[in-house]
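The next block holds one structure in the form of structure tokens; read it before the comments.
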Amino acid sequence: MNAIRVALVDDQALFRSGVRMLVESQPDLEVVGEAGDGVAGVALAATTRPDVVLMDVRMPQLDGIQATERILAEAERAGRAAPRIVVLTTFDLDENAAKAIRAGASGFVLKDADPEFLLAAIRTVHQGNQVIAASATRELFAHLARGSGRRPAPASWAELTPREREIFGFAARGLSNSEIAASEFLSEATVKTHVSRILAKLGLRDRVQLVVFAYEHDLGTPGHPEG
């Protein structure tokens, strides 16, 4: 089996060095290059064509949001598979991390996450799934509970049935399909169907975008899954 090719884009050389050592300690992972800013990161992705990019949000010249947009746009123009991008952030509640998700990143991980979590995140996004730090999800909704003054829900929200809004609330809080199924006495297949319909109605790509959507529109707060 070919190793998962990983690129590191972060302006802190010491942090990159530590992540490189961690990643290269795994037999199924390899680091194909490093970059210290967003501009260099875009060039690195074009030349090395990594499977996964670990992207810092806050960098000089070009931040992680813009770099994510450019990497994905260039891959699309070239007709090649785009790398999966995992955004790295220092803060649990980071507006820029949410923006990076909207730009096409597959998830975000806190820089102080356990090494095992970061390694699992790389493998998870490479398989086509998404990852979001559980603590970040909790912080999002703690913030919402204090009242964030976000935008009102769009018209598409009204298309969701009461049951779909309930499932939306659980998914937005980071619960897995199996956890929702156990809580609501449903089959996992039924929950999966609900989630798929919710994503389609709201025009969202995946569950990570669902979390961001809930955050932006004050929806799915704990205890109030209908928003």
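Basic side chains Lys and Arg get +1 at the Cβ, acidic Asp and Glu get -1 at the Cβ, and with that the dipole of the range 155-217 about its Cα centre reaches some 120 debye.
Here's the list of lysines a cross-link from Lys201 could span, going by alpha-carbon distance under 25 Å and ignoring same-chain residues fewer than 8 apart: Lys99, Lys192.
Estimated at 0.36 nm per residue, the fully extended path between Glu179 and Asn129 surpasses their Cα-Cα distance by 16.3 nm.
Taking a label point 7 Å from the Cα of Ala13 along the Cα→Cβ vector, which residues of the range 52-82 have an amide N closer than 16 Å to it? Only 60 fall inside the zone, counting backbone N under 16 Å.
Going 7 Å from the Cα of Ala3 along its beta-carbon direction, which residues of the range 12-50 have the amide nitrogen within less than 18 Å of the resulting point? Counting backbone N atoms under 18 Å from the label point, the list is 16-35, 45, 48-50.
Bear in mind these aren't lab numbers, they're just calculated from the coordinates by the rules spelled out. Given the structure is predicted, the values throughout are model-derived calculations rather than measurements. Virtual Cβ from ideal backbone geometry, glycine too; neighbours counted across all protein chains shown.
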